[in-house]
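Read through the structure below, which is laid out as structure tokens, and then see the notes.
The values are calculated or read from the model by the stated rules, or taken from the named source; none is laboratory data. These numbers come from a predicted model, not from an experiment. Because the Cβ atoms are built from the backbone with ideal geometry, glycine has one as well, and the counts that use them run over all protein chains shown.
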Amino acid sequence: MVKMLKLGIIGMNEGNGHPYSWSAICNGYDPEYMQDCPFPTIPQYLSEKKFPDDAIKCAKVTHIWTQDRTISQHIARSANIAHIVDKKEEMIGKVDAILLARDDYENHLINSEIFIEAGLPIYIDKPLAIHRKKAEEILLKEKEKGQIFSCSALKYATEYNLAKDRLKRVGKIKSIHAVVMKSWEKYAIHVIDPILRLIGYHHLIQSSTVTKSDGAVHVNYLTQDDVLINITVVEEAIYLPFRITLIGTDDYMELEMKDTFLAFKSSLEKFIGIVTRKEAPLSHEEMLKTVEFIEAGI
């Protein structure tokens, strides 16, 4: 019989609903409580799935900590989490791995260090950092290879991964365009990670230019392999799809992520696979290269 992995989840910061969504993807959810989730898209896409069929089968979120016990209680009731702790460190010895479901990157080291020191595998929500030096500082804390996992969940979105088999149709990629909403620091990674996974993390930035206007950031990269990458972030857009356009010598391809649930589920399954030694860990090169692309746009 396969052992059920016990996960502890850490939340919560402004604008990030991952403690609700990640927990529900593992545990299922209670519609009565989840309808009051402060992120209405979460109960919406959860309602489109079938539980327990669509839940992750081999892991459960068993413990939760947030800075406010009232918030912890609501998340726990919404996503069927059995235990609420008053101090993060109470999870040590009770769970097999940690989900740091906060994207306040400036606090990632302080929120993760105690678990890294304890040897627990940890999924640190995107971005790991916005400067390579800080990312290296966190990664150097690892007690063993692969202990830290951090990426955009969209890196594993089905809509982007299916495209890899069709890339030959495009020919030699010459240009890539993507537009996303909200902040550069937290949301550019949602297209940077999938782009780098598609074209390879070996691509080095030869040059980059940043143009900022009121509420928008536009970054042009030229890689040493002569690929031009254009990413625009519009901070106050009501809605923009996560769309990536690849333009090659033979054709072009437009990729759009549409299933948020499946992207989150796939990234969680990747992390669980690493924890259970069924998947190869993310390399430091991958995580640091993503941070380099973020830093170049600041």
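Residues that are out of contact with any His (no Cβ under 7 Å at 6 or more places or on another chain) and of a type in the set (Ser, Thr, Tyr) number at least 1 in the following helices (runs of 4 or more DSSP H) confined to region 30-90: 41-47, 69-78. Could you list, in sequence order, all residues of region 116-130 that are part of a loop (DSSP other than H, G, I, E, B) and either more than 17 Å from the chain's Cα centre (by Cα) or among the basic types (Lys, Arg) (or both)? Those that are part of a loop (DSSP other than H, G, I, E, B) and either more than 17 Å from the chain's Cα centre (by Cα) or among the basic types (Lys, Arg) (or both): Ala118, Gly119, Leu120, Lys126. If the condition is being under 30 Å from Thr211 (Cα atoms) and crowded, with 22+ Cβ neighbours inside 10 Å, then region 264-288 contributes only Met287. Can Leu139 be described as within 21 Å of Arg277 (Cα to Cα), of a type in the set (A, V, I, L, M) and under 19 Å from the mean Cα position of the chain (by Cα)? In short, yes. Test Pro19 against the criterion of being surrounded by fewer than 18 Cβ atoms within 10 Å (Cβ to Cβ) and either outside the structural domain of Glu142 (by TED's automatic domain parsing) or of a type outside the set (D, E, K, R) (or both), and give yes or no. No, not satisfied. Of the candidates Lys155, Lys134, Lys174, the single residue that is charged (D, E, K, R) and over 17 Å from Glu292 (Cβ atoms) is Lys174. Checked across region 163-170, the condition of being in contact with a strand residue (DSSP E or B) (Cβ under 6 Å, 6 or more places away or on another chain), in the same structural domain as Ile229 (by TED's automatic domain parsing) and of a type outside the set (Phe, Trp, Tyr) holds for at least one residue. Annotation: of all residues in region 256-290 being of a type in the set (Val, Ile, Thr) and under 13 Å from the mean Cα position of the chain (by Cα), the one that is farthest from Gly200 (Cα to Cα) is Thr260. Considered as a group, the residues in region 28-63 that are of a type in the set (S, T, N, Q) and surrounded by fewer than 18 Cβ atoms within 10 Å (Cβ to Cβ) include one that is nearest to Lys3 (Cα to Cα), and that residue is Ser47. Output the residues belonging to region 249-263 that are surrounded by fewer than 16 Cβ atoms within 10 Å (Cβ to Cβ) and closer than 20 Å to Ile176 by Cβ. Within region 249-263, Thr249, Asp250, Asp251, Tyr252, Glu254, Glu256, Lys258 meet the criteria. Residue pairs whose Cβ atoms lie under 9 Å apart, separated by 6 or more positions or on different chains, with the first residue in region 263-282 and farther than 17 Å from Ile148 by Cβ and the second surrounded by fewer than 18 Cβ atoms within 10 Å (Cβ to Cβ) and among the hydroxyl-bearing types (Ser, Thr, Tyr), are Ala263/Thr158; Ser266/Thr158. Which residue is farthest from Lys60 (Cα to Cα), if the candidates are limited to region 109-120 and must be surrounded by fewer than 24 Cβ atoms within 10 Å (Cβ to Cβ) and in contact with a helix residue (DSSP H, G or I) (Cβ under 9 Å, 6 or more places away or on another chain)? Per the stated criteria, the residue is Leu109.
Going residue by residue through region 256-277, is there one that turns out to be of a type in the set (Asp, Glu) and assigned to a helix (DSSP H, G or I)? Checked against the condition, which is being of a type in the set (Asp, Glu) and assigned to a helix (DSSP H, G or I), region 256-277 yields at least one hit.
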